[in-house]
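The values are calculated or read from the model by the stated rules, or taken from the named source; none is laboratory data. Just so it is clear, the model here is predicted, and its values are computed rather than measured. Positions of Cβ are generated from backbone atoms using ideal geometry, with glycine treated the same way; all protein chains shown enter the neighbour counts. Heavy atoms of the whole protein, side chains included, go into the accessibility calculation; ligands, DNA and RNA do not. Shrake-Rupley method; radii C 1.70, N 1.55, O 1.52, S 1.80 Å.
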Amino acid sequence: MDIELRITKSRAIVMSILLLCLTGCSAFFVLNFLKEETSFAILIGTFCFATVFCLITLVYYRRVKPLVFNDEIFMYRGKAYRYIRIDEIRIKGNSFSGAVYEVIVDGSKLYSFDDEYEGAKMFLYYLNCHNVPGTPR
């Protein structure tokens, strides 16, 4: 059974909502310094921009290629890899989501994910089963 490793839809939606709120607050503060005639047009333009960006974020969620894996192989962007091809797993700190894991294949980063991704715990389990260097135990 193949499992997908991808960003959660709820995280993409939350990112969009936060951007919308940030844009709205920024527009509010900018509008306090402008004349009333132009402020309404700027406010509408700002919210249109934020809405378009939210839609782009959701389209990104649907379009981005997930890493698909099972207990023997994993696939990314149409190429299949065996776990033995992974050079290492690099762990980098991130203030928002904790640890970020980078899958290094042939000396370059193939994919990065964190604990909040759908399927992350199962993928880390398979990495441990295959004794991939750098995998947290």
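Say the cut-off is 20 Å between C-alpha atoms; which of 65/109; 65/92; 9/109; 79/121 go over it?
65/92; 9/109; 79/121
Could you give the length gained on full extension between residue 125 and residue 99, defined as 0.36 nm per residue of separation minus the Cα-Cα distance, in nm?
Extra length available between residue 125 and residue 99 comes to 7.8 nm.
Which length gain, in nm to one decimal place, applies between residue 114 and residue 62 when the Cα-Cα distance is subtracted from 0.36 nm times their residue separation?
So the chain would gain 16.9 nm between residue 114 and residue 62.
Whenever you get a sec, line up 90, 62 from highest to lowest accessible area (probe 1.4 Å, protein heavy atoms).
Descending order: 62, 90.
Which whole-number percentage describes the relative contact order of the range 58-137, with Cα contacts under 8 Å and a sequence gap of 6 or more?
Rounded, it is 23 percent for the range 58-137.
Quickly work out the residue 4-to-residue 55 label distance, labels modelled 7 Å from Cα along the C-beta direction, and quote it in nm with one decimal.
It is 2.2 nm.
Mind listing the long-range amide H neighbours of residue 134? Cut-off is under 5 Å, sequence gap 5 or more, other chains count too, H placed in the peptide plane at 1.01 Å from N.
So residue 134 has HN proximity to 89.
Give me the distance in nm between label points sitting 7 Å out from Cα along the Cα-to-Cβ direction at residue 48 and residue 14, one decimal.
About 3.2 nm separates the two model spin labels.
At 1.4 Å probe size, with no ligands or nucleic acids counted, give the accessible surface of residue 48 in Å², nearest ten.
70
Just add up the charged neighbours of residue 122: K/R +1, D/E -1, any other residue whose Cβ is under 13 Å from the Cβ of residue 122.
Charge balance near residue 122 sits at -3.
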